[in-house]
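Trainee: Dumping the structure here so I can ask a few things about it.
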Amino acid sequence: MAEAPPFPRTAPLAAEPLTEGSAAPPPLRPAGWLPALAVAGCVGAVLGYHGVAFADLAVFTVYAGLGLTLPGVLWVRVLYRRPHTLPEELALGLALGYAAEVLCYLPARAMGMPLLVAAWPMGTYALFAAVPRLRAHCRRTRRARAPLWWSWCLALGVIGLTLWIGAGYFAAHPVAAPPAAALPHLDMVARLMSHGPDGGPFGHDWFVHAHLAAASWVTGVAPSVLLLRLAAPPMLAALVVLLAMAGRRFTGSRRQALAALAAAVFVAAPVLYTGNAAGVLAWTPPQEWAAPAQTFGALLFAPLVVLLVDLFGGRAPGRGAWLVFAVLLAALAGAKAVYVPLLAAGLLAVVVVETVKWLSPPRRVVVALGLTGCALAAQAALLGDAWQGTAVRPLEFVRATWAGLTGAADTAGAPMSSLAGVAALGLLCGAITWSGVLGLVRRPRLLGRPPVVLALGMGAAGLGAVLLLGDPYLAQGDYLQAACPYLAMAAVHGLGCAARRAHVTLTAGLCAVLAGAAAACAVRWVFGVHVPLRPGAGELALYLPYLTLAGVVLAAGALLAAAGQPRARVLALTLLLVTAAGTPAAWLGRALPVAPPVATAPAQPAGPGEVTGPVSGT
């Protein structure tokens, strides 16, 4: 029986070269530094405006650069042998630096020598200086170059997120008086500084607090300044670059990668109600600093996806990439509990699909799945009793959503018909948001590509966790949130394929997008359903807006078909219309005037790994 190939036939169909470079790269032009300087200036100005002392900013910048990023970059060059642009190298190096820092600090603190965490960067520099073959990697000899517009787009994305967090979270959370929701985080950092791992239990996601403890030991910066100000900007900057990097490998196009990045950052459930509980499923974006563990976990998970997509391709990045994969996976197990099970589910889906296609299991994916299984077992042993609050309790999240929409105080008394209806609404919202995946249905070869199967497998696992698991803090929603960026990549890829296949013009596509957003906003305004429902309002009011929107979509598709449009164009324009009725319309709806709420939904308790704040992506 023939062995399955290493995915040369199912590798990303890149419209643009992914590894352009030369043996002797030209020096970077001065204009190429302008995006980086703009980001640095914006971040420094925002942090300074919100009370960060220049000395703290300077010493943390030196630590993040020399203690985390640079040693990580050196090892990336040795182990991950593919040409990368300079921002990609820095983002990969920072992610690897975070992982190595945490994995070094925990045993160092357990031995009573917390400053021994500096052995990681110092040992790296000493090793690279002593070994000639490693010393050659201190100078970049292979460089992938990106267009200047691409660099500016990423820079503007980082600047936008920095301003967003500065105007929202920073402004509402002064360092001098940390809010009550930040106190559990500061307590965990203090215990990790004084006692190390023996100071637990710490909950599900505590490796980010180990990073804060290590950074505070080395720099002398107060943990509150690190938690509420300094830790977020480098994480978000690296996350933007890594998600764009993954999106480009996923779709083969820089433009589609930017669209996928925007969809991941601003993901929101379709909103056809008004009021405080206007969403059916509470989705928040990965850069949400109100949950530091989510940002840290997303940052460590993104390079894993990049590595996997490269491993899926015909040209593997080298055996050293497996070491990078293992280190990031080990750190991810304690950084955010939801990612390792999601990764295992996605890889299992890839193994099944590829085995069915080739009648032989793919070796690389089987190895990755085995490593992920080991990480999952280690995670279960590491967390131990921290999992006690999470159990199989079907539809618990749906019950909480039903209570928020109806204003009911007793979730246990929810009729099964109501729960089934709200669950169906949640599935419909997901179908609207990621409807672009249907653009791949008519092209099975693309739909069966390992990256697409990985994304869909993680999305299905996340949705299953939301519907089947129960948690006292409703943390099961994190499973779906974690898969959002990669579902967005699949959806954008499907939309792009459908639009290209149907030869949809820019004008026609823009008209479809505007029509979809206008239809969703019009339905929301016409019905005016306020949630929680006002006294005496029947639950049927919850379903009428969505049923009406579905009717509008069907009518639009029927009109296009009656006008003699080809099926491919009808499908593409309909998908554009439906997609625009999701996230774009949800954000547009925020600008529309609404009636003041007459009731408020019962507040959901904040989990031990969450800091509540005004910054939200839903």
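No value in this document is a laboratory result; all are computed from the given coordinates. In this text, all values refer to a predicted model and were calculated from it rather than measured experimentally. A quick note on method: Cβ atoms are made from the backbone with ideal geometry, for glycine too, and the neighbour counts reach across all protein chains shown.
Trainee: Along the range 549-562, what does the Karplus equation 6.51 cos²θ - 1.76 cosθ + 1.60 (θ = phi - 60°) give for ³J(HN,Hα), rounded to whole Hz, x for Gly and Pro?
Mentor: Values per residue, Gly and Pro as x: 4, 4, x, 4, 5, 5, 5, 5, x, 5, 5, 5, 5, 5 Hz.
Trainee: Averaging over every viewing direction, what projected area does the convex hull of the Cα atoms of the chain cover, in nm²?
Mentor: About 28.9 nm², averaged over all directions.
Trainee: Collect residues whose amide H, placed 1.01 Å from N in the peptide plane, falls under 5 Å from the amide H of H530; neighbours closer than 5 in sequence don't count.
Mentor: Those lying under 5 Å, H to H, from H530 are T274.
Trainee: Through the Karplus equation 6.51 cos²θ - 1.76 cosθ + 1.60, θ set to phi - 60°, convert the phi angles of the range 530-535 into ³J(HN,Hα) values in whole Hz; use x for Gly and Pro.
Mentor: Listing the rounded values in order: 9, 10, x, 4, 5, x Hz.
Trainee: Let me ask another. Along the charge dipole of the range 386-590, pointing to its positive end and built from +1/-1 on Cβ of Lys, Arg, Asp and Glu, which listed residue (A409, P485, A424) has its Cα farthest out?
Mentor: About the Cα centre, the residue reaching furthest to the positive side is P485.
Trainee: Hey, what number do you get for the chain at 222 nm if only DSSP H runs of n ≥ 4 count, each worth -39500 (n - 2.57), divided across all residues, to the nearest 500?
Mentor: -20000 deg cm²/dmol
Trainee: Right, next: Assign unit charges at the C-beta atoms only (+1 for Lys and Arg, -1 for Asp and Glu), then state the dipole size of the range 386-590 relative to its Cα centre in Debye, rounded to the nearest 20.
Mentor: It comes to approximately 900 debye.
Trainee: How much length is gained on full extension from A126 to R501, taking 0.36 nm per residue of separation minus their Cα-Cα distance?
Mentor: So the chain would gain 129.6 nm between A126 and R501.
Trainee: Please state, as a whole number in µm²/s, the translational diffusion coefficient that the Stokes-Einstein equation yields for the range 492-560 at 37 °C and 0.692 mPa s, with Rh defined as the Kirkwood radius across alpha carbon pairs.
Mentor: Translational diffusion coefficient: 231 µm²/s.
Trainee: Right, here's the next one. What percentages make up the Cα-Cα pair-distance distribution of the range 386-590 when the bins are 10 Å wide from 0?
Mentor: The calculated distribution, bin by bin, is 8, 29, 33, 22, 7, 1.
Trainee: Next question, about the same structure. Relative contact order (percent) for the chain, with alpha-carbon contacts under 8 angstrom and 6 or more residues of separation?
Mentor: 21
Trainee: On to the next question. Test of understanding: given the chain, find the longest segment containing no GluC sites (Glu not before Pro) that are in a DSSP loop and have at most 13 other Cβ atoms within 10 Å.
Mentor: 21-618
Trainee: What size of dipole, in debye to the nearest 20, comes out for the chain about its Cα centre when the only charges are +1 on Lys and Arg C-beta atoms and -1 on Asp and Glu C-beta atoms?
Mentor: Here the chain has a charge dipole of around 2420 debye.
Trainee: Any number yet on Rg/Rh for the range 93-135, C-alpha, Kirkwood?
Mentor: My calculation of the ratio gives 1.06.
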